[in-house]
1. Please go through the residue pairs Lys211/Lys257; Lys83/Lys248; Lys84/Lys149; Lys18/Lys83; Lys75/Lys134; Lys171/Lys248 and name each one whose alpha carbons sit more than 26 Å apart in this structure.
2. For Arg169 and Met208, FRET efficiency with R0 = 45 Å and r from the beta-carbon atoms, rounded to 0.05?
3. For the chain, with a Gaussian network of springs between Cα atoms less than 10 Å apart, report the residue from Pro28, Pro122, Pro179 with the top mean-square fluctuation.
4. How compact and how long is segment 70-178, expressed as Rg and Dmax of its alpha-carbon atoms in Å?
5. Would you mind calculating the gained length between Ser15 and Ala65 on full extension (0.36 nm times residue separation, minus the Cα-Cα distance), in nm to one decimal?
6. If I fit a long axis through the Cα atoms of helix 220-234 and take the longest principal axis of the Cα atoms of the chain, what angle between them do I get, 0 to 90°, rounded to 10?
7. Work out the charge dipole of the chain with +1 on the Cβ of Lys and Arg and -1 on the Cβ of Asp and Glu about the Cα centre, then indicate which of Pro28, Ser6, Gly221 is farthest towards its positive end.
8. By how many degrees, between 0 and 90 and to the nearest 10, does the Cα long axis of helix 151-163 differ from the longest principal axis of the chain?
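No value in this document is a laboratory result; all are computed from the given coordinates. Bear in mind that the values here come from a model prediction, so they are computed numbers and not experimental data. Glycine also receives a Cβ, built like all others from the backbone with ideal geometry; neighbour counts cover every protein chain displayed.
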Amino acid sequence: MKTITSIHQMHELVSLAKRQGKKIGFVPTMGYLHAGHAALLRQCRKENNLCILSIFVNPKQFGPAEDFRRYPRNKKHDEMLAKKEKVDIIFYPSVKTMYPTGYLTYVHVRTLADHLCGPRRPGHFDGVTTIVTKLLNIINPDVLYLGQKDAQQAVIIAQMIDDLNWPTRVKIIATVREPSGLAMSSRNSYLSDPERYQAQALYRSLRMAKKLIQAGERRSGTIKQKINAQIKKNTLARVDYIECVDAKTLVPLRTIKGHVIIALAVFLGKTRLIDNIQVRA
Ligand code: PAF
């Protein structure tokens, strides 16, 4: 396994692999890797000749009051996990390498960021699409692996790749959960024990919502109220949003119909957690 910090060296390795006819799979991350990342890497390893992981805590996707500085980092642990998952190359650039002085260009995907996390985290998705664009240009992968946990991110990146005619295929991998149902996230490391316990209520409430829809409920207002009640009953959580949206356009629905994502964001203490579940009606 190689760890590469320079864009030039990364380009050279990728060009060589392409000349050798290798299929390249790519998993972009911000590090502090967990079982969710491991699932992406395993799929990437299985389906490609070259498995590339990037680790870069991208300052441009954090708001001024967000947790960029304290975002958890652990290079040694990440390298161990990557080795275990048989990663070929870790791309580990510095902020200066990715955004040298005078950097000016951003990539913006219209409308999809107008919902869910978008209005609550202004500029976040422009930061994500900008860094993913740069990484795709550097790595030029055949397949990009993303997690369903960040559902809005996955929809936005898939749209961008389609709109910009990149040949890269996007594969969305199911959310990996702790036995309690809590979705794996690097930010779970911020949770105290009581908060971690309370966080189980998120997925429990989403599963309840899915069952309601499967039993015939179609009013999104009723579903959102029930999720809210379930979370409030069991936790000290502050709900940021609960929404039922169309899975492609991310537009909030009054009536549940078609392929729907039920998504929520909740603060437990200072930690903001997101989760979602998909349903077809
Ligand atoms: O999901 C993440 O970890 C990040 O948003 C990503 C896709 C690596 C871009 O920085």
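1. Those over the limit are Lys83/Lys248.
2. Plugging the Cβ-Cβ distance into 1/(1 + (r/R0)^6) gives 0.85.
3. Pro179
4. Taking only Cα atoms of segment 70-178, I get Rg and Dmax of 15.2, 43 Å.
5. 14.0 nm
6. 90 degrees
7. Of the candidates, Gly221 comes out farthest on the positive side.
8. Here the helix axis deviates by roughly 50 degrees.
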